[in-house]
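The values are calculated or read from the model by the stated rules, or taken from the named source; none is laboratory data. Predicted, not measured: the structure shown is a model, and the values here were computed from it. So basically every Cβ, Gly included, is an ideal-geometry build from the backbone, and we count neighbours across all protein chains shown. Ligands, DNA and RNA are stripped out before the accessible areas are found, and what is left, the full protein with its side chains, is counted by its heavy atoms. Shrake-Rupley method; radii C 1.70, N 1.55, O 1.52, S 1.80 Å.
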Amino acid sequence: MICKMGSEARRIEPAFCLALPRASLAGWLRRFRNSKRKLRRSALVLVPAQLALLVAQRAGAQVANPSAQQPIETVTVIGTTPLPGTGIDIDKIAGNVQTVTAADLTREGSASASSALNDQLGSVNINDNLDDPFQPDILFRGFEASPVLGTPEGLAVYQNGVRINEAFGDSLNWDLITDMAVDRITVVSANPVFGLNALGGAVIVSMKNGFTADGSEIEASGGSWGQRSVSAEYGGSDGPFGFYIAGRLLQETGWREFSPDTLEQLYADMSYRQHGLSLDLSFSGANNLLSGESATPVQELAVSRSLIFTSPQTNADKLAFVTLDAGYAVNDNLSIQSTAYMREFQQNVVNGNTTDYTACTVAPYIGDMCQSDGATPLTNSSGGYLPDISQGGAVTIGENDFESIRTLGVGGSLQATESVAIFGHDNQLSVGGSIDRASTNFQSSAELGTINAALQVSFSGLFVDTPEGTPWTATPVNLNATNSYYGIFATDTFNITGDLALTASGRYNLAEIDLTDMRGTALSGDNRYSRFDPALGLTEKLTSNFTAYAGYSEGNRAPTPGEIECSNPTAPCLLPSSLSSDPPTLRQVVSHTWEAGLRGHFSIPEIAAGLITWNASLFRTNVDDDIYGVATSLSAGYFQNIGGTRRQGAELGLKYEDERLSMFFNYSYVDATFESAFLLNSAQNTFADANGNIQVEPGDVLPGIPKNRIKAGADYRVLPSWSVGGDVVYESSQFFRGDESNQMGPLSGYAVVNLHSKYDVTDNVELFVNIVNALNAKYATFGVLGDPTGVGAPGIPPGAVTNGPGVDNRFESPAPPLSAFGGVRIRF
């Protein structure tokens, strides 16, 4: 948008800010009037050239401007709180900020938020724990936002001002976001104002509305693995009213066995803008059935990379999410923002797994099924014994673990923002609070089944009923959980000079988690966590296109209901399907982040007509009382506080863009380590002791986090109607989950090349094609240790035992091979 006041004009590029108080713009213009003369000297080296210009300017030298025409200056606005409607100049943000727009999401073809984040943003990587393209684990600086219950969630994710980490496990179901309806996604580094889970940062998803998306579009696409998809969107405004709607239907058979996916997504928004008042009433809906088949033994993948290890693995996700965002400009200096929401989430999971249940070997239970000791018979809910479906051990058996989550959440936030000069210095203050309350019913159960040659677990109707108070995993489970989260926050940015700004922020979080065992009292309990998290940052605009910043912040997350009730090492849970009684008290996780960096932009008219933007940063986050999932098998484990962990590193980003060519390059280094010594159970680790434990020492690297990442890409408009592009993503090796002591060989690093092209048949018709993994690289993005024996998996020697001769306990989530997708877009 172009904002004009008097004879001055400035272009404002909002990151996730939709409405700005006029006083904020006035403050920016005053700063621009008083700012130093623009420096326009050609440079061959990025930072040294800008530093040389700065030294010359501070020394009083005259610096020539090579351009006779002064362009309109661009100001990027970044929101400073979760609520939409406010923001400040990015040069006053004391941290790294990265953004992808709707155009970035469709750069390679159909809109994909996860692909854009993974391919284009530094310090972001994907772990395919579930090995499903619509359910990725997304990591930023080594902190995760994952759909898998039990994953330590270190990122807060917001959609239209509402935190959408699920109540029961803080998990993030990326398949519930309608990618086509996304206007932009902003990733910010650690900031306590964004509340619980923002240990490493926050992801802010801003959706389209009738004022930001004008027009209609229909897209039909398809390609490899039986994928076929149709999507449509419409947006427009009439006077003060706006309307937007988008929907998507997708089906695919999947490239691995038994891995079909179905997506049904809908997003709609009704808007009002007039007399300083802005209203947005939005709805997000989804009905998805996903079948990510997870990691598979490496010996089985050597036979065929499409093979799976025990099935089914299905997630059925449903969502109904209503949000009301409101903003009102009281006067030129004061504005009010608010958000209210209702979110109903349902998830049904079926996991076919191996089992410790076995045929009874002692009288009088011969012919029945027993616990792993062969002497304790299994019973059903009526107390009857379960028959031996293994025929005395001649038939391979497994179990289907069922999980059901029903959550209803309501809440809201209220904030006031004032922009008033203090002693002649520009100042912007935002103060607000939030209340989030969610009620969840969690149920789980285990069913016996035989395993066929395709490693599918059958449905027998034989459900196990093991009560609490025994040495065995309790099942079924029926638990009600109530989460009440309260927050009070403030952030103030004070201009010490026209170029030097100080930001002080803080948030007080109170988390109350009440648990009620619906089958007894073993799981019942009340838990309360509270903390104040401060932050302080300093930025200086050294020249008109060169900014330095430094800051410190703290954050926290409360243990989730699933972690609290699965923290007893003497009674491991089926993760995440069961819970255990009498858990030790888990402490909340606290982060401390230091960050410093530079960012800027420049041009070299003698070489190219476009603009080069760049950023460089250093960061360190120390985490106290980190909660870690301890695996006692591939599907069972418990949670414990493990002391300290650290994530530190560096980031460098470059971007160039002109009318025909755009290029980007990102490098990131993330060193994620344990900072405390502890004993960890990992029976599948070949270096485990006689008790199945490994010793983790300070300095050992956290699994699943590659140290080095390089991302580079380019798009070139060959003709006005035809563009081609591609990108390459490199990630270095990472350690397997279960090898926290770093004694086994790591999961290999990889480089993958993707290509794409678009052609405008007419002004309204566009064809596109996307080639994924163009060089057909064979690689994996996630690794975990497990027991591949006992089910007849291909490549595993008959009669083999875990850690025995000829057995490799490494499991990997293989990435798709060479695949191609294409489609057509029609715009109206």
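Worth pointing out:
- Per residue, the solvent-accessible area of the chain (1.4 Å probe, heavy atoms of protein chains only, all protein chains present) comes to 38 Å².
- Applying 0.36 nm per residue to the separation of Met518 and Ile435 and subtracting their alpha-carbon distance, the gain on full extension is 27.2 nm.
- Global geometry of region 259-412, whether rounded, prolate or oblate, following the gyration tensor of its Cα atoms and the 1.5 cut on a/c: prolate
- Charge sum, other residues only, whose C-beta stays under 12 Å from Leu250's C-beta, Lys/Arg counted +1 and Asp/Glu -1: -4
- In Å², nearest 10: area of Phe243 left accessible to a 1.4 Å probe: 80 Å²
- Prolate/oblate/rounded call for region 188-299, Cα gyration tensor, a/c under 1.5 rounded: oblate
- Using the Cβ-Cβ distance between Gln274 and His601 with R0 set to 25 Å, the FRET efficiency works out to roughly 0.10.
- The residues neighbouring Phe168, those whose beta-carbon lies less than 11 Å from its own, together hold a net charge of -4 under the Lys/Arg +1, Asp/Glu -1 convention.
- Heavy-atom accessible area ranking, 1.4 Å probe, most first, across Val203, Val148: Val148, Val203
- His425 accessible area, 1.4 Å probe, all protein chains in place, Å² to nearest 10: 60 Å²
- Spacing of the modelled spin labels on Leu510 and Arg660, each 7 Å from Cα toward Cβ, amounts to 6.3 nm.
- Distance between modelled label sites at Tyr716 and Ala375, nm, 7 Å Cα→Cβ extension: 7.5 nm
- Stretchable slack from Ser216 to Val322, in nm (0.36 nm times residue separation minus alpha-carbon distance): 35.8 nm
- Label-to-label distance, Arg827 versus Ile366, with points set 7 angstrom from Cα along the beta-carbon direction: 7.8 nm.
- Charges were assigned to the Cβ only: +1 to each Lys and Arg, -1 to each Asp and Glu. The resulting dipole of region 166-266 about its Cα centre is roughly 160 debye.
- Per-residue SASA remark: Met663, around 80 Å² accessible (1.4 Å probe; ligands, DNA and RNA not included).
- Shape of region 114-188, Cα gyration tensor, a/c cut at 1.5: rounded
- Fraction of accessible area attributable to carbon and sulfur, the chain (%, probe 1.4 Å): 58 percent
- Ordered by 1.4 Å accessible area with all protein chains kept, Lys655, Lys711, Lys758 run largest first as Lys655, Lys758, Lys711.
- Taking the charge dipole of region 681-814 about its Cα centre, with +1 at Lys and Arg Cβ atoms and -1 at Asp and Glu Cβ atoms, the residue from Gly713, Gly792, Pro805 reaching farthest to the positive side is Gly713.
- Cα-Cα over 24 Å, subset of Lys541/Lys707; Lys208/Lys711; Lys92/Lys711; Lys655/Lys707: Lys541/Lys707; Lys208/Lys711; Lys92/Lys711
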